[in-house]
Structure formats: C-alpha cells, structure tokens
Amino acid sequence: MERVLLQVRALHRLEPANNDHLAALRVALSVAVPSLLLLAADRTDLIIYAVFGALTGMYGRSEPHQLRLRHQSQAAVVLLGGLAVGVFLSVNHLHSWWLVGVEAVLAGVGSVFADRVRLKPNGPFFGILALGACASVPTVVPWQVAIAIAAGAAAFSVLVGFAGWIRSRSWQKGSVRVVPHDGAAGCRALLMHAARYTLAVGTAGSIGVLSGSGHPHWAMAAAAVPLAGADLPSSVRRGIHRMVGTFLGLAVTAVVILPGAWSLAGLFPGQQAMTMALLVVLFQFTTELFMARHYGLAMVSFTLVILLMTQLAAPIDPGVLILERGVETLVGALVGIAVVVLLRRSGSRSSRQLLGRAPLLRLPRRPRH
C-alpha cells in the first residue's frame, strides 16, 4: 500500500523550476509574432499552421545555443513533415481510414527518428498531432502557402531560440548532444518501440473512426502520450495526466467558446476570432511554463490551444467539439496505457512494482523537457 501511495503522490508532484519562464517566453514569442501577423491580415483561420510551426521552439530548452539550434532543426523536420502530410491528406480529401493508416505508419517512423536523435520532448507526439489536426480541417489556401506559413514560423522560433547567442557570442567547443549507439540490441529496442507507437496510434484511431467521431486524430495523439514515458509508472502517470488535464481544460474551454452571456463569446460579440487568437498565445505560454514541471497542468492550457486553433480553422458546434475532444482523449489515453502495460520496454519496471507487489526501485525524476 505504501508503494501505491508513492505512485499516487507522484501524480501531484511539481518538479523544481528550471528557468521555465524563459523557455515559456521564447515559445510564446515564437507563437505570438506569426499569429498576430495573421490576425492583422484577418486570416485567423491560418493560425493553426503558424502555431504548429512555432512549436519547434519547445525543443532544446536547456541546451547551449549551438545544440539548441541543431535540436530545433531536427524537431522542425518532425513537425513540418507531419504538417505537410496532413495538408496533403486534407487537399486530397483523404480522411477516415486513410488518416488512421498514414498516421499510424508515420508514428512509427517518427518514433525511430525521435529516439535516434533523442528529441526532448520525447517521441513524435507533436508531429503526429500536427498531421492529424491539419488533415482534419479544410485547406483554404494553396498547400504551398500553408506549408510556407508553418516553415516561416518554425524558422522564426529557431531564430528566437538562437538569439541569446548574440549577447554572449560564446561557442562551447566540443559541446555535443549525447546520442548513444547500442548496436543490434539498441536497434531492436528502437524498432520495438516504434511498433508500439504504430499499434497504439492505429488502434486508437480505428476506435475513433468506428465510433463515428469527427476527430479520430485526437484519440491517436492521446494514445501516443503514455509511450513517451521512461518506464511503466511514468507512462501511466502521463496517461492519467493527459486525461485529467484535458478534462479540466475542456471546462475552461467551455467558458470561452460556448454561447451565453456568461462566456467570452457573449462578452465580446463580433470579436470572438480575435479573442481566441490572443488566447492561443497566452495559453501556449502557460503550457510551456508547466510542461517540464507537471504534464497534467500543461495539458489544461494546451487543450485550449488545440481547440481554439481548431475552431478558428474550421468552426463547428462548440458542444460537439468539446464532447469529442473529451471522449477521444479518454479512449486514446487508455489505449496507450494498455499498450505500455502489455508490451513493456526492456528493463522497465513491471506492473507488480507499480502496484507495490515487488521490490520498488527509487522513483526516477521526470526526464528534463
């Protein structure tokens, strides 16, 4: 029982701060500039592409400038690659099972690349999220324009991340990112982990399509979340954080977009698009502020970012949007947890240790974001 309580307490643990406000400011600036330019041009429907490109700034937050530059360039490959595939599916009206199949395969491919170069945040999550989101909204501009907006935002976020070098102009000779090469055994583990991503994402997406959901990509993205954990306990915690944080974020989202005099939609009639665009910038700041300290808290804000971008790009009934987000997140997170429980990584702790029925190793600190 004591070991179970340790795991429960770990759900609420807030990791120590590590200049999180600086990283959050960098990401918020990366999102704000292209988003406000699109707002000034009265094209808030295109903010979704700018934000996904700007998420490049979430990577390499604590690294020296030359390493951050390389890390963010690698992250841009994942984000822009996923976004480009999503735009391709949208332009060609390839949805439903096409989306599930393509995203499941690319989740595995992205996992291999992300593990190979040791991306932080772990895994291909943001790439497959961009893929599903962009595939699920109509592309109202030429596909080259959508990709150019994302690429420009990504380039700007890399510039923001490297800007501090101008002040110090110090280049740390010999500074490298440690990317271990474990031979054949490491290659097998890498491919097995990629297979877990394909299985989890494909299964969650299939359930979403069979249920008739208009947003099965949310289930696929949620299924990928637990697989980024370092071991079984941290994977389960990430899945729980994803569900609880999303549900709390949906409650806040309801205050913003549901019709009524008590909501922001009622308080600012006729200016809802501008209000939502500004809130995207604000809540991306709070997302990054807590991303490395408590994933669940970060998900409260990130849920608003995703839903507001989606509503700006392709407005639907707000109640349906909120309901489908909640259901798909629940399904996806449970599928992801099931996959990591049934197909554990080599060397990870077992479910017996998670429940306190076997000797428990010291709880590891969450990997740095």
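The values are calculated or read from the model by the stated rules, or taken from the named source; none is laboratory data. Bear in mind the structure is a predicted one, so any value in this text is a computation, not a measurement. We place every Cβ from the backbone using ideal geometry, glycine too, and count neighbours over all the protein chains shown.
Would it be correct to say that ALA24 is surrounded by fewer than 24 Cβ atoms within 10 Å (Cβ to Cβ), among the hydrophobic types (A, V, I, L, M, F, W, C) and within 16 Å of the chain's Cα centre (by Cα)? Break it down stepwise before answering.
On the way: surrounded by fewer than 24 Cβ atoms within 10 Å (Cβ to Cβ): yes; among the hydrophobic types (A, V, I, L, M, F, W, C): yes; within 16 Å of the chain's Cα centre (by Cα): yes.
Spelling it out, ALA24 is indeed surrounded by fewer than 24 Cβ atoms within 10 Å (Cβ to Cβ), among the hydrophobic types (A, V, I, L, M, F, W, C) and within 16 Å of the chain's Cα centre (by Cα).
Quick test for you: out of ASP20, ASP45, pick the one residue that is farther than 17 Å from GLY164 by Cα and either touching a Pro at 6+ places or on another chain (Cβ under 9 Å) or acidic (Asp, Glu) (or both). Outline the logic, then answer.
Working: ASP20 fails: farther than 17 Å from GLY164 by Cα.
Testing whether each residue is farther than 17 Å from GLY164 by Cα and either touching a Pro at 6+ places or on another chain (Cβ under 9 Å) or acidic (Asp, Glu) (or both) leaves just ASP45.
Would you say ALA265 is at pLDDT below 95 and more than 27 Å from PHE126 (Cα to Cα)? Spell out how you get there, then give the answer.
Details: at pLDDT below 95: yes; more than 27 Å from PHE126 (Cα to Cα): yes.
Yes; evaluated as a whole, the condition is true for this residue.
Surrounded by 24 or more Cβ atoms within 10 Å (Cβ to Cβ) and either in a loop (DSSP other than H, G, I, E, B) or at pLDDT 95 or above (or both), is that true of ALA219?
Details: surrounded by 24 or more Cβ atoms within 10 Å (Cβ to Cβ): yes; either in a loop (DSSP other than H, G, I, E, B) or at pLDDT 95 or above (or both): yes.
Against the criterion (surrounded by 24 or more Cβ atoms within 10 Å (Cβ to Cβ) and either in a loop (DSSP other than H, G, I, E, B) or at pLDDT 95 or above (or both)), ALA219 qualifies.
Taking the conditions exactly as written (part of a helix (DSSP H, G or I), more than 15 Å from the chain's Cα centre (by Cα), of a type outside the set (Lys, Arg) and surrounded by fewer than 18 Cβ atoms within 10 Å (Cβ to Cβ)), does LEU37 satisfy them or not? Break it down into steps so the answer makes sense when it comes.
On the way: part of a helix (DSSP H, G or I): yes; more than 15 Å from the chain's Cα centre (by Cα): yes; of a type outside the set (Lys, Arg): yes; surrounded by fewer than 18 Cβ atoms within 10 Å (Cβ to Cβ): yes.
When the stated conditions are applied, LEU37 passes them.
How about the range 43-131: which helices (runs of 4 or more DSSP H) wholly inside it have at least 1 residues that are more than 20 Å from GLY205 (Cα to Cα), touching a residue at least 40 places away in the same chain (Cβ under 8 Å) and touching a His at 6+ places or on another chain (Cβ under 8 Å)?
On the way: elements: 47-54, 65-91, 97-117.
Helices (runs of 4 or more DSSP H) meeting the threshold: 97-117.
Counting residues that are in contact with a helix residue (DSSP H, G or I) (Cβ under 8 Å, 6 or more places away or on another chain) and modelled with pLDDT of 95 or more, which helices (runs of 4 or more DSSP H) fully inside the range 278-369 reach at least 2?
Values: elements: 295-313, 318-342, 351-354.
Once the helices (runs of 4 or more DSSP H) in the range 278-369 are filtered for at least 2 residues that are in contact with a helix residue (DSSP H, G or I) (Cβ under 8 Å, 6 or more places away or on another chain) and modelled with pLDDT of 95 or more, what remains is 295-313, 318-342.
Taking the condition surrounded by fewer than 21 Cβ atoms within 10 Å (Cβ to Cβ), farther than 15 Å from ALA163 by Cβ and hydrophobic (A, V, I, L, M, F, W, C), does ALA75 pass? Walk me through how you get there before you give the answer.
Working: surrounded by fewer than 21 Cβ atoms within 10 Å (Cβ to Cβ): no; farther than 15 Å from ALA163 by Cβ: yes; hydrophobic (A, V, I, L, M, F, W, C): yes.
For ALA75, the condition - surrounded by fewer than 21 Cβ atoms within 10 Å (Cβ to Cβ), farther than 15 Å from ALA163 by Cβ and hydrophobic (A, V, I, L, M, F, W, C) - is not met.
Scan the range 49-97 residue by residue and report those that are over 20 Å from the mean Cα position of the chain (by Cα) and on the phi > 0 side of the Ramachandran plot.
HIS93, SER96
Return the residue satisfying two criteria in turn: it lies in the range 212-245 and is among the hydroxyl-bearing types (Ser, Thr, Tyr) and in contact with a helix residue (DSSP H, G or I) (Cβ under 6 Å, 6 or more places away or on another chain), and of such residues it is nearest to GLY101 (Cα to Cα). I'd like the intermediate steps shown before the answer.
Our first condition is that a residue be among the hydroxyl-bearing types (Ser, Thr, Tyr); within the range 212-245, this holds for 213, 234-235.
Now drop any that are not in contact with a helix residue (DSSP H, G or I) (Cβ under 6 Å, 6 or more places away or on another chain), which leaves 213, 235.
Numbers: SER213: 16, SER235: 24 Å.
That would be SER213.
When only residues in the range 115-136 that are modelled with pLDDT under 95 and of a type in the set (A, V, I, L, M) count, which is surrounded by the fewest Cβ atoms within 10 Å (Cβ to Cβ)?
VAL117
Do you know which of the residues in the range 159-182 that are modelled with pLDDT of 75 or more and outside any loop (DSSP other than H, G, I, E, B) is surrounded by the most Cβ atoms within 10 Å (Cβ to Cβ)?
Kept after step one, since they are modelled with pLDDT of 75 or more, are these residues of the range 159-182: 159-166.
From the residues that got through so far, the ones that are outside any loop (DSSP other than H, G, I, E, B) too are 159-162, 164-166.
On the way: LEU159: 13, VAL160: 20, GLY161: 26, PHE162: 15, GLY164: 14, TRP165: 15, ILE166: 8.
Applying the filter and picking the extreme gives GLY161.
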